[in-house]
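A.B. asks: Input: one structure, supplied below.
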Amino acid sequence: MALTRAAIRKPPQKSSAPSFFQQPIHPGSAISASDFSVPEVRRILESADVLEKENAFRRAERLARRRVALLFYESSTRTRTSFELAAKGLGADTTLVSSLSSSIEKGESLKDTGITLKALGAECIILRSPYSGAPYLLAQATGLPVLNAGDGMAEHPSQALLDLRTMLQFLEIPARKISDKVLRGVTVSIVGDILHSRVARSNALLLPKLGAKVILCGPPALLPETAACITSGLMIERDYDAALRASTIVMMLRIQAERLAGLSVDLDDYRTRYQARADRIAAVAPKALIMHPGPIIRGMEITAEVADGPQSGIAQQVHNGVPIRMALLVRALGATKKGGRR
Ligand code: CP
């Protein structure tokens with residue numbers, strides 16, 4: 001609605017409409033893995049399958065000319081590229097705003113940036129932020145669907161969904177079978193810097209909902225006992241070999257040096273105790289799928305031999321980023337009339 005003098009003179013109306021300053025979270029948002037019900041997880045993964053197989057021309061009609069803003073306040077290779085490729089593959093117009101070379105550098109707030117992007121016609125915002133909770137603030141400030149591309153140490157829900165797709169492919173379970181029991185009998189160990197990992201948190205919230213047993217493994221400095229409170233049923237195991245032995249799937253994590261402030265971790269000791277090495281994997285987990293959300297630090301948490309080896313699902317995880325993020329964008333924005341929904 002255009003801003004006119006008459007509109008300004010009109011006294012504020014009592015309305016059930018939400019305040020411009022704090023709007024309800026758009027239901028197409030994806031901010032936390034805990035937001036997804038099991039049927040919704042199934043629908044997202046089924047949609048990813050459909051979108052991946054769809055004819056590229058037809059797919060490009062789904063979000064034709066819809067406007068998607070990528071707001072990246074932190075560096076990213078996989079998430080940014082796959083969200084951008086996903087949006088473009090669906091026919092959307094994308095614009096990238098990064099902290100360098102935008103008014104964020106001049107001190108503009110997240111809220112004002114969001115309102116600005118909305119005024120410019122953005123219909124969906126994909127946000128990566130170093131601050132936990134930032135996607136909620138942006139969603140409330142704009143009323144737009146916000147897709148969380150990683151917020152601080154809190155969550156990375158699209159990563160958890162693409163990780164789930166990778167696990168189901170490994171287990172040869174089709175998306176239509178997703179239920180609260182689909183991962184019964186499957187044990188997933190998440191190993192390393194749990195404390196700083198938004199990927200660990202989102203996976204720990206998602207996988208038990210589907211029946212998986214989740215073991216968190218790492219030294220006390222990177223895995224405090226309180227991590228078991230992320231959700232019920234999580235186990236803490238300090239002994240890496242014991243965790244490996246119990247695992248169907250092992251998810252290795254990078255030590256997040258950029259968030260280590262104040263913590264002292266003996267990296268040589270860490271490598272000895274927690275590194276995924278070929279001899280160790282062959283001895284205690286020869287059939288497990290080895291995953292890593294990336295970026296990987298070869299020679300630190302994982303050796304090149306394991307990262308590039310036959311048990312590695314790392315490239316498949318990256319591949320799954322595009323279909324999962326296409327499904328999240330379609331969920332957020334619906335489709336154009338030509339695409340069928342809306
Ligand atoms: N897994 C992940 O979030 O990687 P990027 O930081 O490269 O996006």
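A.B. asks: For residues that are among the polar types (S, T, N, Q) and not in a loop (DSSP other than H, G, I, E, B), scanning just segment 182-199, find the one that is surrounded by the most Cβ atoms within 10 Å (Cβ to Cβ).
C.D. replies: For segment 182-199, the residue satisfying everything is Ser189.
A.B. asks: Taking the conditions exactly as written (at pLDDT 95 or above, away from the ligand (no atom under 16 Å from the Cβ) and under 16 Å from Ser158 (Cα atoms)), does Arg66 satisfy them or not?
C.D. replies: In short, no.
A.B. asks: Please state which of the following conditions Ser29 fails to meet, knowing it meets all the rest: (1) modelled with pLDDT of 95 or more; (2) open to solvent by 80 Å² or more (accessible area, probe 1.4 Å).
C.D. replies: Going through (1) modelled with pLDDT of 95 or more; (2) open to solvent by 80 Å² or more (accessible area, probe 1.4 Å) one by one, Ser29 breaks only (2).
A.B. asks: Could I ask something else about it? Among all residue pairs at least 6 apart or on different chains, which show Cβ distances below 6 Å where the first residue, located in segment 75-100, is small (Gly, Ala, Ser) and the second is within 11 Å of the ligand (Cβ to nearest atom) and not in a helix (DSSP H, G or I)?
C.D. replies: Ser76/Arg128; Ser98/Phe72
A.B. asks: To continue, here is another question. Filtering segment 70-88 down to residues that are among the small types (Gly, Ala, Ser) and more than 11 Å from the ligand (Cβ to nearest atom), which residue is nearest to Leu138 (Cα to Cα)?
C.D. replies: Top of the filtered list is Ala87.
A.B. asks: Next question. Any residue in segment 120-133 that is assigned by TED's automatic domain parsing to the domain that holds Ser29 sitting within a Cβ distance under 7 Å of a residue that is hydroxyl-bearing (Ser, Thr, Tyr) and in a loop (DSSP other than H, G, I, E, B)? List the pairs, counting only those 6 or more apart or interchain.
C.D. replies: Arg128/Tyr73; Arg128/Ser76; Ser129/Tyr73; Pro130/Tyr73
A.B. asks: For segment 130-151, which positions are out of contact with any helix residue (DSSP H, G or I) (no Cβ under 7 Å at 6 or more places or on another chain) and within 13 Å of the ligand (Cβ to nearest atom)?
C.D. replies: Once the filter is applied, which keeps residues that are out of contact with any helix residue (DSSP H, G or I) (no Cβ under 7 Å at 6 or more places or on another chain) and within 13 Å of the ligand (Cβ to nearest atom), segment 130-151 yields only Pro130.
A.B. asks: Restricting attention to segment 306-314, does a residue exist that is within 19 Å of Ser247 (Cα to Cα), more than 16 Å from the ligand (Cβ to nearest atom), of a type in the set (D, E, K, R) and surrounded by fewer than 17 Cβ atoms within 10 Å (Cβ to Cβ)?
C.D. replies: Checked against the condition, which is being within 19 Å of Ser247 (Cα to Cα), more than 16 Å from the ligand (Cβ to nearest atom), of a type in the set (D, E, K, R) and surrounded by fewer than 17 Cβ atoms within 10 Å (Cβ to Cβ), segment 306-314 yields no hits at all.
The values are calculated or read from the model by the stated rules, or taken from the named source; none is laboratory data. Because the structure is a prediction, the values reported are computed rather than measured. Positions of Cβ are backbone-derived with ideal geometry, glycine not excepted, and every protein chain shown enters the neighbour counts. All accessible areas refer to the heavy atoms of the entire protein, side chains included, with ligands and DNA or RNA removed. Shrake-Rupley method; radii C 1.70, N 1.55, O 1.52, S 1.80 Å.
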